[in-house]
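Okay, structure first, notes after.
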Amino acid sequence: MVPVLGVGIFVWALFDLWPIQGHWLPENINEHGRVIDSLFMFILYLTGAIFVVTGLTLFWFLWKYDAARNSSVVVYSHGNHTLEVVWSIIPAATLLFIAIYQMDAWADAKMRRPTEGEHLKPPLALVTGRQFEWRIRYAGPDRQFHTRDDLFVVNELHIPVGEEVVLQIESQDVLHSFFLPNMRTKQDVVPGMKQFVWFKANKTGIFDVVCAELCGWGHYKMRGRMTVESRESFDRWFAEEYQEQERSEFTPPPLAE
Ligand SMILES: [Cu+2]
């Protein structure tokens, strides 16, 4: 029953049938996310087809050579050299193909940071993961961190729609993973490292910010909200939050940090 159930559950999940529907990635709202989705689906279809074929073959052998219906003497074989070469080369060639096919997607997501003129685009905000929250520091109008116009929020990421956005991510304690499922953006946050993620949202709304690395007892609650909104609405939100920050008894940290 194992190969039959395995194949059955795979097909069930693939067609998103009740009661296990809705477990695939949520709606993609990142201009650059489509390439990730097509890569994901390509690998899913490829491995799925191989899984179904091997599952059914396994079932067929178990059924055909059932001891109750076969009285012939068992034949021992030392294997077939040609067959082994063939089934080593096919997976190796497939993996090599995927490695080459995904290079552009990888470069777009991890290496080709958006530029502004001749320079790399500066980050809109610095997101610091810590047990168990996302602390967010917006650079403010001067686009510099650790200056007087920085804005501080916790778990509330706001992003202007239709713009290339770069975020700098850091960890204050342990390994976390900054995951924006709707942006198809996921990056491990490694203590001591300065990393960047980027995306361009094409839809407004409220989406999840989650931690995708088991980082301690409170990992389950390490989530925030990402509001994607128009530039005007983003600026208004920023101004309001900043005013609120100024009103409270907030002491900015020393300038040179
Ligand atoms: Cu975490």
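The values are calculated or read from the model by the stated rules, or taken from the named source; none is laboratory data. Note that the structure is predicted; figures quoted are calculated from it, not measured. Glycine gets a Cβ as well: all are built from the backbone with ideal geometry, and neighbour counts include every protein chain shown. Protein only, heavy atoms only, side chains kept; ligands, DNA and RNA dropped before computing areas. Shrake-Rupley method; radii C 1.70, N 1.55, O 1.52, S 1.80 Å.
Suppose we filter ARG143, ARG148, ARG112 for residues that are within 20 Å of PHE234 (Cβ to Cβ) and basic (Lys, Arg); which single one remains? Every option except ARG143 fails the conditions.
Residues are listed down the side, and each one gets a yes or a no for (1) open to solvent by less than 80 Å² (accessible area, probe 1.4 Å); (2) within 18 Å of GLN102 (Cα to Cα):
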site: MET1; (1), (2): no, no
site: VAL4; (1), (2): yes, no
site: GLY8; (1), (2): yes, no
site: LEU14; (1), (2): yes, no
site: PRO19; (1), (2): yes, no
site: GLY22; (1), (2): yes, no
site: HIS32; (1), (2): yes, yes
site: LEU46; (1), (2): yes, yes
site: ILE50; (1), (2): no, no
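Could you look through segment 93-145, keep only residues that are in a helix (DSSP H, G or I) and either among the β-branched types (Val, Ile, Thr) or in contact with a Gly (Cβ under 8 Å, 6 or more places away or on another chain) (or both), and pick out the one that is most open to solvent (accessible area, probe 1.4 Å)? Top of the filtered list is ILE100. Just one of the listed residues (GLU31, GLU27) is at pLDDT 90 or above, touching a strand residue (DSSP E or B) at 6+ places or on another chain (Cβ under 7 Å), of a type outside the set (S, T, N, Q) and closer than 30 Å to VAL197 by Cα, namely GLU31.
Tell me, which residue of segment 146-159 that is β-branched (Val, Ile, Thr) and in contact with a Leu (Cβ under 9 Å, 6 or more places away or on another chain) is surrounded by the fewest Cβ atoms within 10 Å (Cβ to Cβ)? Restricting to residues being β-branched (Val, Ile, Thr) and in contact with a Leu (Cβ under 9 Å, 6 or more places away or on another chain), the top hit is THR147.
For segment 199-214, the set of residues classified as open to solvent by less than 30 Å² (accessible area, probe 1.4 Å) and either free of Cβ contacts under 8 Å to residues at least 24 places away in the same chain or touching a Leu at 6+ places or on another chain (Cβ under 9 Å) (or both) consists of PHE199, PHE207, VAL209, listed by residue number.
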